[in-house]
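Below: one structure, written as structure tokens.
The values are calculated or read from the model by the stated rules, or taken from the named source; none is laboratory data. Treat the numbers as computed from the prediction; the structure is a model and nothing was measured. We place every Cβ from the backbone using ideal geometry, glycine too, and count neighbours over all the protein chains shown. Accessible surface areas use protein heavy atoms only, side chains included; no ligands, DNA or RNA. Shrake-Rupley method; radii C 1.70, N 1.55, O 1.52, S 1.80 Å.
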Amino acid sequence: MTPEPAPSLRQLLAFYLDAGVDCALNDEPVNRLLDNEIIAAPADSAPREARAERAEVKRAPAPAQRPGAAPPTPDAAIASARAAAATAPTLDALRALMEQFEGCALRSTATRLVFADGNPQARLMLVGEAPGRDEDIEGLPFVGRSGKLLDLMLAAIGLDRSKVYIANVIPWRPPGNRTPTPQEIQICLPFIQRQIELVDPDIVLTLGNPATQTLLQTRDGIMKSRGRWTDYNTGTRTIRAIATFHPAYLLRSPAYKRMTWMDLRAVAQALDAAPGKPAN
């Protein structure tokens, strides 16, 4: 039997991408099969060659971990996020607090904070779930393929990024674009809630099921909740809110673009019917 040829570097990279491995946590690989007791053994109890090999192992970097005390419990992290978010008087202050927040483990695996994009004075605020790979690289929400589709969706009702404000429930990219855990969502929730309070839009448009269920406090799926007006209460003001499909979902299921167009028309009509603060 003829052995299969070894995979090329391109084939290996394609395999890693398909498996969701598209970012590295360290510059050097870490061999997790090594016996820690062997690494810690006295240097004079083995031949010179073994000691040299152990020295190389000791120089291998450990997995990325921020210095300091042990990470807080989820309940403590949620309480800390609420307390920090409540003290932010402006969006710039909120962003600075989030840059320093240590309570969410996603911060240590993401490249950067993805805070927001657009006009902080906008009447329409769009909220998605979490950043993807492209957003993690650029530090802005919705800049990949789904972002280009979102731009087209906005243009269809006469808007662009200079006239809306865009953010995510989760400001750090989950590794491999996995779904954020309920704990991660609850930890980050106070930050997006405070962001909405500070922007104070006339309408909030949630994109996709996770953002809709989280912000609008519904257990209905996106098929049932989309296109339906509801109220979002900031504690000081009630804002009209509506849900539609996430652009990434529309890329996979273009048949639902027609429903999304209906939702966008409803948003445009609501903006025209109730003029508020200027969008630019």
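Per-structure values
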quantity: One residue from Asp272, Asp263 being within 15 Å of Arg123 (Cα to Cα) and of a type in the set (Asp, Glu); calculated: Asp272
quantity: Identity of the residue in the stretch 228-257, part of a loop (DSSP other than H, G, I, E, B) and under 16 Å from Leu124 (Cβ atoms), that ends up least open to solvent (accessible area, probe 1.4 Å); calculated: Thr234
quantity: Test: residue in the stretch 273-280 that is in a helix (DSSP H, G or I), modelled with pLDDT of 95 or more and either surrounded by 14 or more Cβ atoms within 10 Å (Cβ to Cβ) or of a type in the set (A, V, I, L, M) (or both); calculated: no
quantity: The listed residue being in contact (Cβ under 8 Å) with a residue 40 or more places away in the chain and open to solvent by 10 Å² or more (accessible area, probe 1.4 Å), out of Arg194, Arg219; calculated: Arg194
quantity: Any hit, the stretch 104-121, residues being touching a strand residue (DSSP E or B) at 6+ places or on another chain (Cβ under 9 Å) and open to solvent by less than 10 Å² (accessible area, probe 1.4 Å); calculated: yes
quantity: Subset of the stretch 101-146 [acidic (Asp, Glu), farther than 25 Å from Ala268 by Cβ and assigned to a loop (DSSP other than H, G, I, E, B)]; calculated: Glu102
quantity: Cβ pairs under 8 Å, 6+ apart, first in the stretch 235-250 and free of Cβ contacts under 8 Å to residues at least 12 places away in the same chain, second not small (Gly, Ala, Ser); calculated: Thr238/Asp231; Thr238/Tyr232
quantity: Selection count, the stretch 84-100, where residues are touching a Phe, Trp or Tyr at 6+ places or on another chain (Cβ under 8 Å) and not in a helix (DSSP H, G or I); calculated: 0
quantity: Meets criteria (open to solvent by less than 10 Å² (accessible area, probe 1.4 Å) and out of contact with any helix residue (DSSP H, G or I) (no Cβ under 6 Å at 6 or more places or on another chain)) for Gly147; calculated: yes
quantity: Residue identified as open to solvent by less than 30 Å² (accessible area, probe 1.4 Å), closer than 21 Å to Thr244 by Cα, touching a residue at least 12 places away in the same chain (Cβ under 8 Å) and out of contact with any Leu (no Cβ under 7 Å at 6 or more places or on another chain) among Leu189, Leu207; calculated: Leu189
quantity: Any hit, the stretch 169-181, residues being crowded, with 21+ Cβ neighbours inside 10 Å and either among the acidic types (Asp, Glu) or outside any loop (DSSP other than H, G, I, E, B) (or both); calculated: no
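Okay, residues lined up against (1) over 19 Å from Thr90 (Cβ atoms); (2) touching a Pro at 6+ places or on another chain (Cβ under 6 Å); (3) in a strand (DSSP E or B):
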residue	(1), (2), (3)
Lys148	yes, no, no
Met153	yes, no, no
Gly158	yes, no, no
Gln193	no, no, no
Val204	yes, no, yes
